[in-house]
Amino acid sequence: QVQLVESGGGLVQAGGSLRLSCAASGRTGSNYAMGWFRQAPGKERQFVAGINWSGTATYYVDFVKGRFTISKDNAKDTVYLQMNSLKPEDTAVYYCATDATPYRGPRTANVYWGQGTQVTVSS
């Protein structure tokens, strides 16, 4: 059973930064795409960023491009989301996700999910 555990959420002022981490366990190897999604109150869960199995290709939704950076440490089977220039509209629960099939691209991480971590940006 694959498990994902997020950490790093919290309260930050607008313009500040946070770094989210998500460690995977319960699987053999780390050659899986991983990604981040978020869900604000009253809204649907939305894709934020993804990274391919090797960490060499990334994909971002337009509203975070230039502010967020996704990266992956295969030795630790961990994905990170560096969030800079945070805005109040970035407030949401952020979820980590990963693929079940190895060696795939940056938009395939949607099979296993973490429990989420709250990010709150104050104005």
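The values are calculated or read from the model by the stated rules, or taken from the named source; none is laboratory data. In this text the structure is predicted, and so the values were computed from the model without any measurement. Cβ sites come from the backbone with ideal geometry, for glycine too, and all protein chains shown count toward neighbours. Remember, those area values only see protein heavy atoms, side chains included, never the ligands or the DNA or RNA. Shrake-Rupley method; radii C 1.70, N 1.55, O 1.52, S 1.80 Å.
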Counting Lys and Arg as +1 and Asp and Glu as -1, what is the net charge of the other residues whose Cβ lies under 12 Å from the Cβ of PHE47? +1
Determine how many Å³ per residue the convex hull of the Cα atoms of the chain encloses. 89 Å³
Any chymotrypsin sites (Phe, Trp or Tyr not before Pro) in region 44-123 that lie in a DSSP loop and have at most 16 other Cβ atoms within 10 Å would be TYR103
Step through the residues of region 54-69 one at a time and calculate ³J(HN,Hα) from phi using the Karplus curve (6.51 cos²θ - 1.76 cosθ + 1.60, θ = phi - 60°), rounding each to whole Hz and writing x for Gly and Pro. 8, x, 9, 9, 10, 8, 10, 6, 4, 6, 10, 4, x, 10, 10, 9
On average, how much accessible surface per residue is there in region 11-72, in Å², for a 1.4 Å probe, leaving out ligands, DNA and RNA? 51 Å²
